[in-house]
Amino acid sequence: MPTDSPSPAPAGSPVSPAPSGSTIAERLAVVRARIAAAAGAAGRDPGEVRLLVATKTQPAEAVLEALAAGVDLIGENRVQELVAKAPAVAGRVADGALEVHMIGHLQRNKINQVLATATGLETLDSPELARAISDRCVRDERTLDVLVQVNVSGEESKSGVTPEDAAGLATAVAALPGLRLRGFMTIGARVEDSGEQGVRAGFARLRAIRDGVLASGAPGTAAATELSMGMTNDLELAIAEGATIVRVGTAIFGPRPTPPR
Ligand SMILES: *Cc1c(COP(=O)(O)O)cnc(C)c1O
């Protein structure tokens, strides 16, 4: 079972993993500056890149501190944590001030819990899961925003469809009545393993998949513009390749206890 748990960067990592700043608000400011600088370097408008704060293993108090500093999008990896922290953020979600994305692997028996607490799912990786969620949404007379997760690095430990299967799954998802296809998500290879060019090539591959699906004009694909890619160690590379959502945890909260699961 893939865990989608990105490994912590080793000491001496080429892209500084250590958070700078001493409060969550200060670290957020540093991350926002990194995003703005990377967008500028790529000739992009910084407003095109949204920050998703990855809150796994963080207590509700830390999450609330981030929200007080202006965060409007968070991501959780485990259904259990998503459900546990839901009461703390429910008011903001109801007000439309906060979106909550599930960014970890989802098992079909936990669909109901995710639908009750998340506003979006970034890890859609099979037609069976897509149909099951869509059916549930149709029964509830609602839709769910979803991203198709693609395993661009081909590492066995990562979930997601293969790049070859991505467009087919996306087209099928886009045609389902309960789902709204918003784009694609990937966890990049580690810079330490694949080098910056290798990591960038993976991100470029995700962009090409998205562009192909958009160009297909298939029903329901017009809103599939998002590219969720880039984390603490590689957000600059992802933004250079077109990321519209970067998912950042360590640079904001500090290193997580290892192993995280
Ligand atoms: C933990 C996690 C992140 C954030 O990773 P950091 O390296 O801590 O910034 C992003 N995406 C997913 C899917 C994660 O599990």
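The values are calculated or read from the model by the stated rules, or taken from the named source; none is laboratory data. Predicted model, so just to flag it, every value in this text is computed and none were measured. A quick note on method: Cβ atoms are made from the backbone with ideal geometry, for glycine too, and the neighbour counts reach across all protein chains shown.
Could you list, in sequence order, the residues of the range 197-240 that are under 13 Å from the mean Cα position of the chain (by Cα) and among the acidic types (D, E)? Within the range 197-240, E226 is the sole residue that qualifies.
Residues in the range 237-254 that are part of a loop (DSSP other than H, G, I, E, B) and more than 8 Å from the ligand (Cβ to nearest atom): E241, G242, A243, T244, G254.
Here's the yes/no breakdown for (1) surrounded by 18 or more Cβ atoms within 10 Å (Cβ to Cβ); (2) modelled with pLDDT under 95; (3) among the basic types (K, R); (4) closer than 30 Å to R139 by Cα:
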| site | (1), (2), (3), (4) |
| --- | --- |
| A167 | yes, no, no, yes |
| G178 | yes, no, no, yes |
| R182 | yes, no, yes, yes |
| R190 | yes, yes, yes, no |
| D193 | no, yes, no, no |
| G198 | no, no, no, no |
| A201 | no, no, no, no |
| A208 | no, no, no, no |
| D211 | no, no, no, no |
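Filtering the range 67-123 to residues that are within 16 Å of the ligand (Cβ to nearest atom), in contact (Cβ under 8 Å) with a residue 24 or more places away in the chain and part of a helix (DSSP H, G or I) leaves V79, E81, L82, K85, V114.
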